[in-house]
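Data block below; observations after.
Taken together, the values in this text are just the output of simple stated rules run on the coordinates, not laboratory data. Model, not experiment: these values are computed from the prediction. Every residue, glycine among them, receives a Cβ derived from its backbone with ideal geometry; neighbour counts consider all protein chains shown.
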Ligand SMILES: C[S@@+](CC[C@H](N)C(=O)[O-])C[C@H]1O[C@@H](n2cnc3c(N)ncnc32)[C@H](O)[C@@H]1O
């Protein structure tokens, strides 16, 4: 499948209208590794959760999951996956920049998860600024995304460099967080859209109080 330029909600709707799950049904490997940082029955916000593979998996681990994505097609698939797995996920079909201004976004959150959430720099800053004060003292931020080095690998992700993450961008966009950042190359096999050796950034963060 060709790499995603990362468009608006309608563009994503079209992409998700394939009968298969674009990123598969298994959770992201880094999320599985990092979930140990969350308390039991945590209140977890999953940003840009797409077809719900991550939110549904977290709900299956006993967490209270709020899942946000602006693609109506993806959210419908996420609900179907949750039903299939017999778990409860609170889904919101909304544009993230607008949703973070609503009461539903207030939390407080034990965890905020952002897996391959390719947002424009201004929106990323807005999200980091809005959510940091709404994270509990020992809560955890979990991010995995592509770095600009992914552009030459072509195994998934957007072609627009501004949507990719660097160490400095994460530091600037989450200024209130103590961050543990790993830049890595790893094999990512997630559905049809993420296939092969990939240049990723993996982040764990906790609010600096
Ligand atoms: C690469 S997909 C990743 C989906 C999911 N996190 C996963 O790993 O399976 C990026 C997702 O971000 C969503 N998205 C992009 N921009 C958004 C925005 N401004 N507000 C809400 N969702 C957005 C898209 O609809 C898409 O589902």
Of 98, 173, 190, the most mobile residue in a GNM of the chain (C-alpha springs, cutoff 10 Å) is 98
Ranked by GNM mean-square fluctuation in the chain (Cα springs under 10 Å), the top entry among 36, 113, 66 is 36
Between residue 64 and residue 130, the FRET efficiency computed from the C-beta separation at R0 = 22 Å comes out, to the nearest 0.05, as 0.65
Per the Cα gyration tensor, the chain corresponds to an equivalent ellipsoid with semi-axes, largest first in Å, of 22, 21, 16
Semi-axes in Å, largest first, for region 144-185 (Cα gyration tensor, √(5λ)) are 21, 11, 7
Given a Förster distance of 35 Å, the FRET efficiency implied by the Cβ-Cβ spacing of residue 149 and residue 104, rounded to the nearest 0.05, works out to 0.45
Percent relative contact order for the chain, counting Cα pairs under 8 Å at least six residues apart, stands at 22 percent
In this structure, the FRET efficiency calculated for residue 76 and residue 123 from their beta-carbon separation, with R0 = 22 Å, to the nearest 0.05, is 0.40
Between residue 10 and residue 179, the two model label points (7 Å from Cα along the beta-carbon direction) sit apart by a distance in nm of 3.4 nm
Shape call for region 138-209, from the Cα gyration tensor axes a ≥ b ≥ c (a/c under 1.5 means rounded, otherwise prolate when a/b beats b/c, else oblate), comes out prolate
Simple spin-label estimate for residue 166/residue 209, 7 Å along Cα→Cβ, in nm, reads 3.3 nm
